[in-house]
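The values are calculated or read from the model by the stated rules, or taken from the named source; none is laboratory data. A quick note: this is a predicted structure, and the numbers were derived from the prediction, not measured. In this analysis, Cβ positions are derived from the backbone assuming ideal geometry, glycine residues included, and neighbour counts consider all displayed protein chains. These area figures cover heavy atoms from the full protein model, side chains too; ligands, DNA and RNA do not enter into them. Shrake-Rupley method; radii C 1.70, N 1.55, O 1.52, S 1.80 Å.
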Amino acid sequence: MTIKKLIILIAFLFLPMWGGQVGFVCASVSFRGAWIATVANIDWPSAEAVGNTQKQQSEMLFLLDSLHSIGINAIIFQVRPTADALYYSEYEPVSHWLTGKQGVWNTDVQMVNGKCPNGKCYDPLQWTIEQAHKRGMEVHVWLNPYRVNLATTDTSMICSDHIWRKYRDWFWEYNKQWYFDPGLEQTREWICTIVQDIITRYDVQAIHMDDYFYPYPSGKLPLPDEATFAKYPRGFTDIKDWRRDNVNLAIKAISETIRECRTDVQFGISPFGVWRNASVDSTGSKTQAGITNYDDLYADIRLWIKEGWIDYVLPQLYWEIGKKAADYEVLAHWWANEVRGTRCKLYIGMAPYRLIESSNPQILKSSNPSPWATGNEIKRQMDLNRTIPEITGECFYSARPLLRNPRGVCDSIKATYKTDDFALPWE
């Protein structure tokens, strides 16, 4: 037995100490999720709760109870927004969106040298897992693989022991943001180390990543990776094919890491909603998206599904039914066709944040108001989903906009889930 495998085995044996209920299984057979975004304090914690453990716990309980009450049975909880941590990590510093200063824990948790004495301190991830599981809800931990900071936060906030300060040659800057260089083996190894650390210490049900792989293009600004390509081409002559292979290698390595450590943890990806337009690839969708996964983000989701590297795909279909450039209905059927005959499950990412209340002046001024302003577009989409057998779940972005109940969407969700043929969390 290798040292790595021995470490994994020992960690897993002690998982009950760290992760509460081992082998937690949600009562429902269908996935009903909501994203809880922590980057920039979008959903949790609020700006007022930064550095305040009691207020953070109160806010999380509100989110969990409210989501549970409408039938949500899983949360996708962002715990690594910018190579930082909303949990105890020996590898990356605690997030400033949790405590106010990266690398410095809340003063009210009585940390000693960055560690929790006697295991009595507040670990946000562990505490959230326990609370979610009490409510029959799965916890999928959401990691961003490459991002180090946002364009709105300068590098002065990055703490002294961050990996970015130790190994600057692992990173490059693009459009005022720093990223791990996807072309380096060290990057893939680091991401796998983070994944292994989480799944061997916490009772999570999935590792989740969204659409942020290579950065979204900024006009004609070129990616600064030509030097890496020249140094490590791995037989590629086309830099775009090489970039896609960089991400493929990372996804495959993460998948293997998860399966080597724990067979009960899933690996899910929530990509941008369009893989490729049919105008450039006959097997793509009949869309006119200005950006696509394959050509711009270098994420070949289709390959990951085919190879069985991911357990579920959750495309972000944040457009309305009938939209000319990206029709929700066209895309729902396209993704259903892609998973048909594979082991990969299909859930749909939906956008209640786009719903506009009827009191909004935009409705009164516009001669051709958006479908998001004139009806409950989410309800229309949920009804459509139930006509496509391959769609076995839904997820809503994000928790706080959803719970404001725009255009009665929470009532619609609860009513729909009550009529679905599966066990609801409150039953």
Share of alpha-carbon pairs per 20 Å distance bin for the chain, given as whole %
25, 60, 15, 0
Mind putting together the pair-distance distribution for segment 150-270? All Cα pairs, 10 Å bins, whole percent per bin, short to long.
11, 38, 37, 14, 1
Within the set 382, 209, 350, GNM on the chain using Cα springs under 10 Å gives the largest fluctuation to 382
Spatially proximal aspartates and glutamates relative to residue 418 (Cα-Cα < 18 Å; intrachain offsets below 8 disregarded)
65, 383, 394, 427
Any idea what the relative contact order of segment 185-323 is, in percent, if you count C-alpha pairs under 8 Å spaced at least 6 apart?
30
Distance between Cα centroids, segment 187-245 to segment 148-175: provide it in whole Å.
16
Between residue 325 and residue 386, the FRET efficiency computed from the C-beta separation at R0 = 22 Å comes out, to the nearest 0.05, as 0.30
Quote the FRET efficiency, to the nearest 0.05, computed for residue 232 versus residue 160 with a Förster distance R0 of 41 Å and r equal to the Cβ-Cβ distance.
0.90
Looking at the P(r) of segment 206-363, how many percent of alpha-carbon pairs lie beyond 27 Å?
31
Let me cross-check residue 223: its accessible surface, 1.4 Å probe, with only protein heavy atoms counted, in Å² to the nearest 10?
30
Whole-percent carbon and sulfur contribution to the accessible surface of the chain (1.4 Å, no ligands, DNA or RNA) stands at 51
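Please compute the contact order of the chain in relative form: average sequence separation of alpha-carbon pairs under 8 Å and at least six residues apart, divided by the residue count, as a percent.
18
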How large is the accessible surface per residue of segment 198-271, computed with a 1.4 Å probe and reported in Å² as a whole number?
41
Spin-label pair residue 343/residue 220, simplified geometry with 7 Å Cα→Cβ offset, distance in nm
4.6
Mind jotting down the distance between the C-alpha centroids of segment 371-420 and segment 46-97, whole Å?
24
Using Cα-Cα distances under 8 Å and only pairs 6 or more residues apart, what relative contact order does segment 276-386 have, in percent?
22
Highest-fluctuation residue, 67, 297, 249 considered, GNM on the chain with Cα pairs under 10 Å:
249
